[in-house]
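The values are calculated or read from the model by the stated rules, or taken from the named source; none is laboratory data. Just so we're clear, the structure is a prediction, and the values are computed from it rather than from any experiment. All Cβ positions, glycine included, derive from the backbone under ideal geometry; neighbour counts span all protein chains shown.
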Amino acid sequence: MNDIILLKLGEIVLKGLNRKSFEQKLLNNIRKRLDHVGEFRTYCIQSTIYVEGSDRADMDAAFEALRKVFGIIKMERASACEKDKNAIVDRAKEYLKEDLLKAKSFKVESKRSDKSFPMTSIELSQYVGGELAEAFPHLRVDVHDPELTVYVEVRDLAAYVHGPAVSGAGGMPVGSNGVAVTMLSGGIDSPVSTYMIARRGVRLIPVHYFSFPYTSELAKEKVLKLASLLTEYCGRMTVEIVPFTHIQEEIRSNCPEEYFTLIMRRFMMRIAERIARDNGAKAIVTGENLGQVASQTMEAMASTQAVTDLPVLQPLIGMDKQDIIEMAREIGTFETSILPYEDCCTVFTPKHPRTKPKVKDVEAAEKGLDIEGLVEEAVKGIERVTVNIGEEVV
Ligand code: ATP
Ligand code: MG
């Protein structure tokens, strides 16, 4: 008899997206995730996904891993015991001891899918409730508003006592909402924006612009490390590392200094769009945040986005930096993001950047460049690195 994990499905919002395909996607993602943990059996009954471990399976590790899978709103563990009323009481006393000691009031709720069990659900609840009240005399039974609900379930193979539910990662299963390219720098923001869009069910292709030797090999490794941390939420990803040095040098030699950053960002967008089109991705995700830096004024963003027809998703646009940092800590990327390696944006930074550019002036400023040729050359030089859950990247 093995413990099980029960997972409640999150929102299914899009009208066209039917429950079956949502469930199937989520089950697939869960299976892929658990492949890295051990041997499990997973199935879905009435909007609950059940995860059963084999004898050697590490249920703690599975529970932790599943807390990062999008599409799950609530999750709980259940401990298995013999299908016998006293075995159930004993297991509840032992498994829920801390919760029973902490609570002031409780009730028992039973479910019985094995109809051959000799008590009705109500009888079983009353019996288990009575025994627990006796064993924990400080506890009051309150069937309307209990602090603790003890769930008992009698199923085919065993009876189960449930632990308290905890929140899942929420959102929608990765892949249920299409594919997008995400621009991943080594900073604090873009891992968070990547996480947020993945949480909406989007599979992501990270793109990193790399300016070797102005930025070091360590800067690239940092980005790969960030991507690999994100795989716990996003699943396996292939990072596209775009050589960006030549473009930056061409900008420096041929364009007015105050437009350097803006022109560079327009190249980033064009290349992201190319990668999106080559991979069936329908949007570009960035970590931009209104007013944070010179290139994040409304005018600057207009000039950047003017080069693409794809929607540019900026999930952090209205957040405070402090909130972004807190999220980065929560998802586990912050410590890596603050490692001190330079990003290509800090190379050739103008002393007085334009903060309210007009699109036509930026266009005029980049006129001397062979835009298509440079994009083509960068795309040809892309290095692809696949990162996966639990695998070392460097
Ligand atoms: P971050 O903390 O994500 O680096 P930022 O606050 O430093 O963001 P910018 O440097 O203006 O802001 O970059 C804005 C967005 O552009 C980033 O969030 C990221 O999505 C993208 N970006 C910036 N530099 C790169 C890069 N070298 N490779 C890929 N994307 C980048
Ligand atoms: Mg940055």
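All of (1) within 16 Å of ligand 1 (Cβ to nearest atom); (2) under 21 Å from residue 268 (Cβ atoms); (3) in contact (Cβ under 8 Å) with a residue 40 or more places away in the chain; (4) within 30 Å of the chain's Cα centre (by Cα) hold for residue 179 with one exception: (1). Looking at segment 152-168, can you tell me whether even one residue there is among the basic types (Lys, Arg), over 14 Å from the mean Cα position of the chain (by Cα) and assigned to a strand (DSSP E or B)? Checked against the condition, which is being among the basic types (Lys, Arg), over 14 Å from the mean Cα position of the chain (by Cα) and assigned to a strand (DSSP E or B), segment 152-168 yields no hits at all. Counting only residues that are within 23 Å of the chain's Cα centre (by Cα) and surrounded by fewer than 19 Cβ atoms within 10 Å (Cβ to Cβ), give me the helices (runs of 4 or more DSSP H) lying completely in segment 297-340 with at least 1 of them. Counting at least 1 such residues, we get 321-331, 334-337. Residue 362 falls short on exactly one of the conditions (1) buried (at least 17 other Cβ atoms within 10 Å of the Cβ); (2) within 15 Å of ligand 2 (Cβ to nearest atom), and that condition is (2). Give me the residue from segment 363-382 that is part of a helix (DSSP H, G or I) and either touching a strand residue (DSSP E or B) at 6+ places or on another chain (Cβ under 6 Å) or among the charged types (D, E, K, R) (or both) and, out of that set, nearest to residue 208 (Cα to Cα). Only one residue fits best here, namely 378. Just give me the residues in segment 197-223 being part of a helix (DSSP H, G or I) and away from ligand 1 (no atom under 12 Å from the Cβ), in sequence order. Within segment 197-223, 198, 199, 217, 218, 221 qualify.
Scanning segment 79-129 for residues that are part of a helix (DSSP H, G or I) and of a type in the set (D, E, K, R) turns up 85, 90, 91, 93, 94, 97, 98, 99, 102, 123. If I go through segment 281-296 residue by residue, how many of them are part of a loop (DSSP other than H, G, I, E, B) and either out of contact with any strand residue (DSSP E or B) (no Cβ under 6 Å at 6 or more places or on another chain) or among the basic types (Lys, Arg) (or both)? Going through segment 281-296 one residue at a time, the tally reaches 8.
Beta carbons closer than 7 Å, at least 6 apart along the sequence or on distinct chains, pair a first residue in segment 300-329 that is within 16 Å of residue 277 (Cβ to Cβ) with a second that is small (Gly, Ala, Ser) for 310/276; 310/283; 311/283.
Looking at 54, 116, just one residue is hydroxyl-bearing (Ser, Thr, Tyr), farther than 30 Å from residue 194 by Cα and in the same structural domain as residue 138 (by TED's automatic domain parsing), and that residue is 116. In summary, residue 163 fulfils each of the numbered conditions (1) more than 10 Å from ligand 1 (Cβ to nearest atom); (2) free of Cβ contacts under 8 Å to residues at least 40 places away in the same chain with the single exception of condition (2). Select from segment 106-152 the residues that are acidic (Asp, Glu) and farther than 22 Å from residue 82 by Cα and write down the one among them that is surrounded by the fewest Cβ atoms within 10 Å (Cβ to Cβ). Within segment 106-152, the match that is surrounded by the fewest Cβ atoms within 10 Å (Cβ to Cβ) is 145. Only one entry in 231, 182, 261, 194 is in a strand (DSSP E or B) and among the polar types (S, T, N, Q), namely 182.
Does segment 135-148 include one or more residues that are away from ligand 1 (no atom under 16 Å from the Cβ), aliphatic (A, V, I, L, M) and touching an Asp or Glu at 6+ places or on another chain (Cβ under 8 Å)? Yes, some residue in segment 135-148 is away from ligand 1 (no atom under 16 Å from the Cβ), aliphatic (A, V, I, L, M) and touching an Asp or Glu at 6+ places or on another chain (Cβ under 8 Å).
Pick out the one residue from 240, 257 that is within 21 Å of the chain's Cα centre (by Cα) and among the acidic types (Asp, Glu). On inspection, the qualifying residue turns out to be 240.
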